[in-house]
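S.K.: Sharing a structure with you now.
The values are calculated or read from the model by the stated rules, or taken from the named source; none is laboratory data. This is a predicted model, so every value here is computed, not measured. When the accessible area is computed, the model is the full protein with side chains, heavy atoms only, and any ligands, DNA or RNA have been set aside. Shrake-Rupley method; radii C 1.70, N 1.55, O 1.52, S 1.80 Å.
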Amino acid sequence: MTTFDITSRRGDPVTSREAGHKAARHAPTVRATVLEIMGESSPLTHDELISTYHTRIMTDSTTPLASESGIRTRLSELAHAGLVEADETMGVSTFGNRARRWRITDLGRSVL
């Protein structure tokens, strides 16, 4: 899989640097879980992915904890690596707005 870089900026407070280090440790397992979910259920909106991820946390104790923003970030990293991509169909957000849907790519499937 592609190498991912999670860093903080030089002027960030110590709490941001600590959070960045923690995210870097857990990001690979969260990223793998996001890719696995996308392989099972895509295309999904961000809201659908987050809901599915949090359901998995409740039903599978091995699923790593992740915030909504962390899940979105991992999906963005997967898209940047070419493992997921925007789908041509639109979905609906939890607020009833149009929302982009994401799907796994052939490259993403080959990584699973």
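S.K.: Figure the gain on full extension for MET90 and HIS26 (residue separation times 0.36 nm, minus the Cα-Cα span) and round it to one decimal in nm.
M.R.: Values: separation 64, 0.36 × 64 = 23.04 nm, distance 3.02 nm.
The span from MET90 to HIS26 would gain 20.0 nm if fully extended.
S.K.: Another question, then. Summarise the accessible area of the range 33-95 (1.4 Å probe, protein heavy atoms) by the percent that is carbon and sulfur. Each step should come with its number before you reach the end.
M.R.: Working: 1730 of 3250 Å².
Here carbon and sulfur together make up 53 percent of the probe-accessible area.
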